[in-house]
Amino acid sequence: VMDPVSQSAANKDAVGRAVLPSQDGLKQCLTEFKQQLPWVERLDVTSGQVMDPVSQSAANKDAVDPENDFQREMSFYRQAQAAVLEALPRLRKLQVPTRRPDDYFAEMAKSDQQMQKIRQKLKSKQEAMERSEKAKQLRAMRKYGKKVQTEILQRRQKEKKNMLNAVKKYQKGLSDKLDFLDEEQTSSQGHKKGGASQQIKKGPNAKRRYKNQKFGFGGKKKGSKWNTKESFNDVSSFRSKVAHNKGPGKAGRGGKKALNKRPGKRARQKMKSRGR
């Protein structure tokens, strides 16, 4: 009997192309290096395709599409699970331990420093995702605000255009109605009322209210010295002598200079020396 190498070298056609080796030679090689070891040394379990436990029908047993990744992986998973369920009783029968002891501590494949780096990287990725989500929300809010502002401007332009058209029609005599003025007044009053209600609802904050309660409200400060119609017409505090420089101690036109009643410096010194 020829070995597979010599047989494959001999199995060549006239052109020199190699021919596949025969099955007999392969089986002979398998019997030569095959070792008759016990099963506990080999731990090989051969199982066929396992049926899906959800669908027990035999028709779906061979319905695994090899192009479908999910079905293919699930078939591998069920086949491995069936092999484990078949091997465990045999290992227990041979008194081979299959569970890890409670006091067994295996060495980690990665060091603590490497795991810390991985944690930091995952944390940075999570923070980046949160920042991107916040940025998306802000962009959406800005876009919504711009949309609302654009709608308000368009509505105002439309109202203005309608009012101008009504004014032109009234000027040309095509219409004798002044309803657009009433609508404008009502809209302006509505805006004023809305602004006043917002101001009333807003009010001072809690800190300001506490200080007003503790120290009292000092009144209006800004614009307190401004003139009003009543203060302008009120002349009760007017003094002509003071206004025209004719008060006591002041010289008027053609009058004498007012006398200084205070003594001079030397006179005051003499008065001090006499008093001593």
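The values are calculated or read from the model by the stated rules, or taken from the named source; none is laboratory data. Small disclaimer: the values here were computed from a predicted structure and weren't measured. Virtual Cβ from ideal backbone geometry, glycine too; neighbours counted across all protein chains shown. Quick note on the areas: whole protein, heavy atoms, side chains included, nothing else; ligands and nucleic acids left out. Shrake-Rupley method; radii C 1.70, N 1.55, O 1.52, S 1.80 Å.
Picking from Lys158, Lys123, Lys146, Lys169, which residue would you name as being of a type outside the set (A, V, I, L, M, F, W, C), out of contact with any Pro (no Cβ under 9 Å at 6 or more places or on another chain), open to solvent by 90 Å² or more (accessible area, probe 1.4 Å) and modelled with pLDDT of 90 or more?
Lys123
What's the number of the only condition in (1) at pLDDT below 80; (2) assigned to a helix (DSSP H, G or I); (3) surrounded by 10 or more Cβ atoms within 10 Å (Cβ to Cβ) that Ser175 fails to meet?
(2)
I'd like the residue in the stretch 4-29 that is open to solvent by 90 Å² or more (accessible area, probe 1.4 Å) and part of a helix (DSSP H, G or I) and, out of all such residues, is modelled with the lowest pLDDT.
Of everything passing the filter in the stretch 4-29, Val5 is modelled with the lowest pLDDT.
Being acidic (Asp, Glu) and modelled with pLDDT of 70 or more is the requirement here; does Glu151 meet it?
It is true that Glu151 is acidic (Asp, Glu) and modelled with pLDDT of 70 or more.
Give Lys168, Lys147 a once-over and let me know the one that is in a helix (DSSP H, G or I) and more than 35 Å from the chain's Cα centre (by Cα).
That would be Lys168, the only listed residue that is in a helix (DSSP H, G or I) and more than 35 Å from the chain's Cα centre (by Cα).
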